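Chemist: Handing you this structure, nothing more for now.
The values are calculated or read from the model by the stated rules, or taken from the named source; none is laboratory data. These figures come from a predicted structure and were not determined experimentally. When we count neighbours, we look across all protein chains shown, and the Cβ atoms used for this are built from the backbone with ideal geometry, even at glycine.
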Amino acid sequence: MCKVAIYPGAFDPVTNGHIDIIQRALGIFDKLIVAIAINPGKEPLFTLEERLMMLRETLKDIPNVEVDDFDGLLVDYAAKRDACAILRGLRAVSDFEYEFQLALMNRRLNRDIQTFFLMTGLRWIFTSSSIIKEAAQFGGNVEGMVPEIVRQQLKEKFAEKT
């Protein structure tokens with residue numbers, strides 16, 4: 001029986017949509033490893049250390065969740081962590097095509113690790129890290145869309161850039 005899942009992502013930054021997926025996944029899996037993927041081809045707004053801090057602070061009171069980071073192939077990381085599943089959140093049909101391709105490649109690389117898709121809760125369907133960063137950059141109020149620590153960090157980050 002599958003007990004440990006990896007929930008990978010950039011989490012730049014973590015949103016309440018991510019938190020929704022995490023909380024619901026814990027009703028399915030015994031343990032969830034929220035893992036920040038290190039992608040040298042992308043330039044995140046927040047450093048790896050900042051993203052780890054925000055995730056750890058946000059998830060500190062949720063049992064059976066671990067925060068980590070990894071580079072390389074996701075299926076290799078999952079196997080190393082004795083996970084049998086990869087968890088991916090979907091907001092819209094447009095997410096599905098890309099996620100489906102990734103799932104098929106991961107399946108080809110390691111048939112022992114399954115991919116599970118969870119739909120984001122309806123109230124978070126419009127929420128993405130990119131949209132939130134853009135709104136915050138121009139002074140938009142993102143309260144209620146991200147954890148409070150993230151809202152504060154966004155405010156500070158964009159104050160530094162002005």
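Chemist: Taking Cys2 and the conditions (1) out of contact with any strand residue (DSSP E or B) (no Cβ under 6 Å at 6 or more places or on another chain); (2) outside any helix (DSSP H, G or I); (3) not polar (S, T, N, Q), which numbered condition does it fall short on, given that it satisfies the others?
Modeler: Exception for Cys2: condition (1).
Chemist: Look at region 31-63 and say how many of its residues are touching an Asp or Glu at 6+ places or on another chain (Cβ under 8 Å), of a type outside the set (Lys, Arg), over 25 Å from Met105 (Cα atoms) and touching a residue at least 24 places away in the same chain (Cβ under 8 Å).
Modeler: Number of matching residues: 2.
Chemist: Do the conditions hold for Arg24, that is, is it among the basic types (Lys, Arg) and under 15 Å from the mean Cα position of the chain (by Cα)?
Modeler: Details: among the basic types (Lys, Arg): yes; under 15 Å from the mean Cα position of the chain (by Cα): yes.
Criteria met by Arg24.
Chemist: Here's a follow-up. Quick check on region 64-95: of everything there that is in contact (Cβ under 8 Å) with a residue 12 or more places away in the chain and farther than 27 Å from Glu50 by Cα, which residue is surrounded by the most Cβ atoms within 10 Å (Cβ to Cβ)?
Modeler: Within region 64-95, the match that is surrounded by the most Cβ atoms within 10 Å (Cβ to Cβ) is Cys84.
Chemist: Of everything in region 32-63, what is surrounded by 21 or more Cβ atoms within 10 Å (Cβ to Cβ) and either touching a Cys at 6+ places or on another chain (Cβ under 6 Å) or in a strand (DSSP E or B) (or both)? Give them in sequence order.
Modeler: Residues satisfying the conditions are Leu32, Ile33, Val34, Ala35, Ile36.
Chemist: While we're looking at this one, here's another question. Any residue in region 6-30 that is within 15 Å of Ile132 (Cβ to Cβ) and modelled with pLDDT of 95 or more sitting within a Cβ distance under 9 Å of a residue that is among the polar types (S, T, N, Q) and crowded, with 23+ Cβ neighbours inside 10 Å? List the pairs, counting only those 6 or more apart or interchain.
Modeler: Val14/Thr58; His18/Thr58; Ile19/Thr58
Chemist: Further question: Can you spot a residue in region 99-108 that is under 25 Å from Ala159 (Cα atoms), modelled with pLDDT of 95 or more and surrounded by 16 or more Cβ atoms within 10 Å (Cβ to Cβ)?
Modeler: Filtering region 99-108 for residues under 25 Å from Ala159 (Cα atoms) gives none.
Among the residues of region 99-108, not one is under 25 Å from Ala159 (Cα atoms), modelled with pLDDT of 95 or more and surrounded by 16 or more Cβ atoms within 10 Å (Cβ to Cβ), which makes the answer no.
Chemist: Let me ask something else. Looking only at region 130-162, how many residues end up being modelled with pLDDT under 95 and buried (at least 16 other Cβ atoms within 10 Å of the Cβ)?
Modeler: Count: 1.
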